[in-house]
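Contents: one structure, followed by commentary.
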Amino acid sequence: MNSIFKTSISLLTAASVLGFAIAPATAQQRHLSRNTVLVSPEGEILDYIPDDGTVRVMRDTRGRTVYVDGWGNIIATAMPADRSFARGGDYRPRRERYRDAAVYPDGNPDYFPPAPQSDYGDELTTSSVPEIRDGLPGEIERQPLPEADFGNSQSLPDFSDDTAALPETIDPNAEFVPGPKFEPAMSIGKMSSAEITALQVFLDREGFSPGVIDGKKGSNVTKAIEAWQNSTGETLDPNDAEDILERLRLSGGMAFTTYEISAADAAGPYVAAIPEDYAAKAALPHMSFTSTTEMLAEKFHMDEAYLKEINPGVDFTIPGTIIKVVDTGPAKTGKVAKILADKGRKQVLAYDAGGTLIAAYPASIGSSDTPSPSGTVTVERVALNPGYTYNPKINFQQGSNNKVLTLQPGPNGPVGTVWIALSKPTYGIHGTPEPSKIGKTQSHGCIRLTNWDATELAKMTGPGVTVEFVD
């Protein structure tokens, strides 16, 4: 008993001398339960508690505890320990412990395609946001406007979103150039959501995008069928479910598969919300996704509401959760020699050197108030994950912002994840933070595609490719 008492006194004395050593334990008692671990945005399980003096402890929109640095970056997210690694398993920080997902019961048990991956080519220009910064940000400094510069002196292109791409002049006598005429597609009858999804997945795999996959028939699906028929010379009956399933089997397997949410998926990084004000946007460290469901929906070319609908009651923030998704397969490949921006069809058509239509994408192209340019231009450059420069002197004034602002890259940026610059200054083909609106709303001059369609097109095109606007 005496020995135990002396040992306890010695341990207490050591703890009082090394006071800093009990700070993590104190922080853990305040912010974490004993069954909780911290997961970094890279998916690693931390073996330390971030110092309270350098981070803030907050709640995200999902109610999770997050540790945020002075720049607004999420350092770690608190996750249930029994969901971050196997129950009863030993704690192994910084190791991957996730099993392979089983095939969805409705599918072929002998087939499990890999999840879509990002595979940008080295020949394209890319940019990124630094992960490590030397100091905390101060207030936004407003500087005098620079002189207009359409050369190459600026690191980021001077363009805004579609509302910024105002034409320099509008020629009322511009020649009307008719677009190509396609044979009408068969009307889509009464079909189940799953059957329409199968049709959408088949068209997506073929490179004739239906836009967001949402299990609903609509103009984007009809336009994709017409373009596919023009390319192949075949007739596709969208009401023949057996034929669609056979085409899916030959093109990679069933429309639905499963995906296991990883710790990196759940941890982000995410931002709580994307503000409307451009000065507030410029203060964000990145224009990333706002939730796990938004990220996963874009990863699998799906409408976010539809992803939730086919996974009722699922918490998408928990690592290890197996969800039902669609399998769009690998991206379309090829070399595009000419692009038609068809304003009437609200569709971008991509042709190879032989004049064969090899891909088509629903698009938002101009409006009556701010039309896209007429005639023919060329691709100047391609940038993946571009930064964004707001310049009211060149584009437009948003709110009370009258100074140049630089927004960081990200899928929720004004031009999404891709910028294909055209030879007419301030115009381009680009992505969008709102994929469900593509082909259903108007733009203000530029050609707007979903981020995944814009990326696919960007990988098949390059400087010098002709872009013709037709009506």
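Residues are listed down the side, and each one gets a yes or a no for (1) of a type outside the set (Asp, Glu); (2) on the phi > 0 side of the Ramachandran plot; (3) surrounded by fewer than 22 Cβ atoms within 10 Å (Cβ to Cβ):
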site	(1), (2), (3)
399	yes, yes, yes
424	yes, no, yes
436	yes, no, yes
447	yes, no, no
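When segment 273-298 is filtered for residues that are of a type in the set (Gly, Ala, Ser) and either within 18 Å of residue 39 (Cβ to Cβ) or in a helix (DSSP H, G or I) (or both), the ones remaining, listed by number, are 279, 280, 282, 288, 291, 297.
So if I check each of 69, 51, 47, 82, which one is out of contact with any strand residue (DSSP E or B) (no Cβ under 7 Å at 6 or more places or on another chain), surrounded by 14 or more Cβ atoms within 10 Å (Cβ to Cβ) and at pLDDT 50 or above?
That would be 82, the only listed residue that is out of contact with any strand residue (DSSP E or B) (no Cβ under 7 Å at 6 or more places or on another chain), surrounded by 14 or more Cβ atoms within 10 Å (Cβ to Cβ) and at pLDDT 50 or above.
Quickly run through segment 254-269 and pick out the residues that are in a loop (DSSP other than H, G, I, E, B) and either modelled with pLDDT of 95 or more or surrounded by fewer than 19 Cβ atoms within 10 Å (Cβ to Cβ) (or both). Hits for segment 254-269 are 254, 255, 261, 262.
Only one of the numbered conditions (1) under 23 Å from residue 455 (Cβ atoms); (2) crowded, with 19+ Cβ neighbours inside 10 Å; (3) of a type in the set (Ser, Thr, Tyr) is not met by residue 278, and that is (1).
Using the structure shown, decide if residue 320 is free of Cβ contacts under 8 Å to residues at least 60 places away in the same chain and either assigned to a loop (DSSP other than H, G, I, E, B) or under 30 Å from residue 41 (Cα atoms) (or both). For residue 320, the condition - free of Cβ contacts under 8 Å to residues at least 60 places away in the same chain and either assigned to a loop (DSSP other than H, G, I, E, B) or under 30 Å from residue 41 (Cα atoms) (or both) - is not met.
Please go through segment 420-434 and give me each residue that is touching an Asp or Glu at 6+ places or on another chain (Cβ under 6 Å) and either at pLDDT below 90 or farther than 24 Å from residue 452 by Cβ (or both), ordered by number. Within segment 420-434, 423 is the sole residue that qualifies.
The set of residues in segment 307-348 being aliphatic (A, V, I, L, M) and closer than 24 Å to residue 79 by Cα consists of 307, 314, 318, 322, 323, 325. Scanning segment 239-253 for residues that are part of a helix (DSSP H, G or I) and charged (D, E, K, R) yields 242, 243, 246, 247, 249. Of everything in segment 203-221 that's more than 17 Å from residue 437 (Cβ to Cβ) and not charged (D, E, K, R), which residue is surrounded by the fewest Cβ atoms within 10 Å (Cβ to Cβ)? Result: 215.
The values are calculated or read from the model by the stated rules, or taken from the named source; none is laboratory data. Because the structure is a prediction, the values reported are computed rather than measured. Glycine also receives a Cβ, built like all others from the backbone with ideal geometry; neighbour counts cover every protein chain displayed.
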